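Data block below; observations after.
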Amino acid sequence: MNRGRGAGARRRRQRDMRVLIAAIAAAVVILAVVIGVIAIRRGGTRDNVAQTAPAATEAVLVLNEESEQDAIMVIDTPEPTPEPTSEPEGSEYAGNSIYRPAAAEGLLPIFKSSSTEEKIVAVTLDDCYDAEALASIVDLCISNQAKITIFPIGDKVLDDSVGASLKYAYDNGFELENHTMTHNGLYRSSDEELAYEIFQQNASLSDLLGVEYQVHFLRPKGGDAREDQRIHAYCRQLGYYGIAHWSYSGTSHDLEDIKQSLAPGQIYLFHARTEDLAKLMEFIPYAISQGYTFVTLNEMFGYEPNETSALVTGRTVPPLEPYTAVPVTYKKTTYAYGAYLLQQKLIGLGYLTGEADGVYGADSANAVKTFQESVGLDPTGEADPETQAKIEELYALKFPNG
């Protein structure tokens, strides 16, 4: 009888111990969940977005049924979440492993490539002079489920056959962006001409699509003036995200070189012409066979599709608003409106001959070097802010009325 009562008491103590430990385990789980929720609610910054809340802790109870020893509670602690990959230099984190190029002072971002390990690439198609080639490229991309971004010249948007293919591409999820109204480099245009070239191309797309279509990217002719602050100022004024450049020119290289260049985040430049159609007929299936997906620029950089709203009638071209220019140094190969104005002053002062064209080449560099020598500045041939200020000072003295 005593042995029976002792065994019963022992079983009651064991049962009570299990209840106690189960309560402790439940409390640990609840505490872990609460901590995770607090971490998530506090995690509004970029560093916290990439981290996930720890999984609920699993408690494993081990109890020796044959003794009155304390139970052993084993806590299965999950591995710590790894820190997110460090941000690539010169870029900004956009979420979901997407990085966008950071904007330099005075400029919008210049989109040349995406810093990503995901197997995505973007094909951009310029100009659209050849309506037949454009239609074939659009059909090729649709049949391969490859979405691309098209940069048509505004004048070509007004062509019925080109317009029909652009509308068909848009209806199938392609993206249409801005390549100026008349294929203008913009860096030697007046303020009024620049505004017309950019705004009117976008207006032509809107009229074609039957909605007000908000373009996100501008690509000047040749991509030459992509760092021109005046162009960036007007694009910012119109709500654009930046200037579209490219990683690799498919137009300028043969098919094997294009295949060799295939890498995540590449932006490829092609044109709507028969030669590029032939390359794309092989390149697109090849890239897909290598596991790549073709995306639009918006998708590449984590933006929503270009916004639309009700069509507006009676539009007027908004003028360029005043903006603050950041001092820069003009060097060889610079294409900029500021270089155009500088050339005009050098011509007026007798240091440069010919006409200003906005291209800071060898003649401009030699003229600046001669000027620097004449006023006691370091003769580098580069028009730094100090040199520009001196040129403007002497020009104002010679031409007080401008």
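Results, tabulated for the structure shown:
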{"quantity": "Test result for TYR187, among the aromatic types (Phe, Trp, Tyr), touching a helix residue (DSSP H, G or I) at 6+ places or on another chain (Cβ under 8 Å) and over 22 Å from ALA339 (Cα atoms)", "calculated": "no"}
{"quantity": "Region 229-264 - residue that is of a type in the set (Ser, Thr, Tyr) and in contact (Cβ under 8 Å) with a residue 24 or more places away in the chain and, of those, surrounded by the most Cβ atoms within 10 Å (Cβ to Cβ)", "calculated": "TYR234"}
{"quantity": "Identity of the residue in region 326-366, surrounded by fewer than 20 Cβ atoms within 10 Å (Cβ to Cβ) and in contact with a strand residue (DSSP E or B) (Cβ under 8 Å, 6 or more places away or on another chain), that ends up nearest to TYR187 (Cα to Cα)", "calculated": "THR333"}
{"quantity": "Residue within region 297-319 that is closer than 26 Å to GLN200 by Cα, among the β-branched types (Val, Ile, Thr), open to solvent by 70 Å² or more (accessible area, probe 1.4 Å) and not in a loop (DSSP other than H, G, I, E, B) present", "calculated": "yes"}
{"quantity": "Those residues of region 167-183 which are within 18 Å of LEU269 (Cβ to Cβ) and either outside any strand (DSSP E or B) or open to solvent by 50 Å² or more (accessible area, probe 1.4 Å) (or both), in sequence order", "calculated": "ALA169, PHE174, GLU177, HIS179, THR180, HIS183"}
{"quantity": "Any pair with Cβ under 7 angstrom, 6 or more apart, that starts in region 265-283 at a residue that is in a helix (DSSP H, G or I) and ends at one that is among the basic types (Lys, Arg) and at pLDDT 95 or above", "calculated": "PHE283/LYS259"}
{"quantity": "Residue among ILE153, ILE142, ILE137 that alone is within 23 Å of PHE294 (Cα to Cα), more than 23 Å from the chain's Cα centre (by Cα) and buried (at least 23 other Cβ atoms within 10 Å of the Cβ)", "calculated": "ILE137"}
{"quantity": "Filtered residue count, region 110-123, keeping only those that are within 13 Å of the chain's Cα centre (by Cα), open to solvent by 20 Å² or more (accessible area, probe 1.4 Å) and not polar (S, T, N, Q)", "calculated": "2"}
{"quantity": "All positions within region 379-399 that are open to solvent by less than 60 Å² (accessible area, probe 1.4 Å) and either assigned to a loop (DSSP other than H, G, I, E, B) or farther than 15 Å from VAL328 by Cα (or both)", "calculated": "PRO379, GLY381, ASP384, LEU394, TYR395, ALA396"}
{"quantity": "Residue count, region 188-228 (criterion: within 12 Å of LEU320 (Cα to Cα), open to solvent by 30 Å² or more (accessible area, probe 1.4 Å) and under 23 Å from the mean Cα position of the chain (by Cα))", "calculated": "1"}
{"quantity": "Residue among ASP159, ASP171 that is acidic (Asp, Glu) and over 26 Å from GLY302 (Cα atoms)", "calculated": "ASP159"}
{"quantity": "Condition check for PRO322: open to solvent by 40 Å² or more (accessible area, probe 1.4 Å), of a type outside the set (Lys, Arg) and not in a loop (DSSP other than H, G, I, E, B)", "calculated": "no"}
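Residue-wise test of (1) in contact with a helix residue (DSSP H, G or I) (Cβ under 8 Å, 6 or more places away or on another chain); (2) within 25 Å of ARG226 (Cβ to Cβ); (3) without any contact (Cβ under 8 Å) to a residue 24 or more places away in the chain; (4) hydroxyl-bearing (Ser, Thr, Tyr).
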position	(1), (2), (3), (4)
ALA336	yes, yes, no, no
ALA356	yes, yes, no, no
THR370	no, no, yes, yes
ASP378	yes, no, yes, no
LYS398	yes, no, no, no
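The values are calculated or read from the model by the stated rules, or taken from the named source; none is laboratory data. Because the structure is a prediction, the values reported are computed rather than measured. Every residue, glycine among them, receives a Cβ derived from its backbone with ideal geometry; neighbour counts consider all protein chains shown. Accessible surface areas use protein heavy atoms only, side chains included; no ligands, DNA or RNA. Shrake-Rupley method; radii C 1.70, N 1.55, O 1.52, S 1.80 Å.
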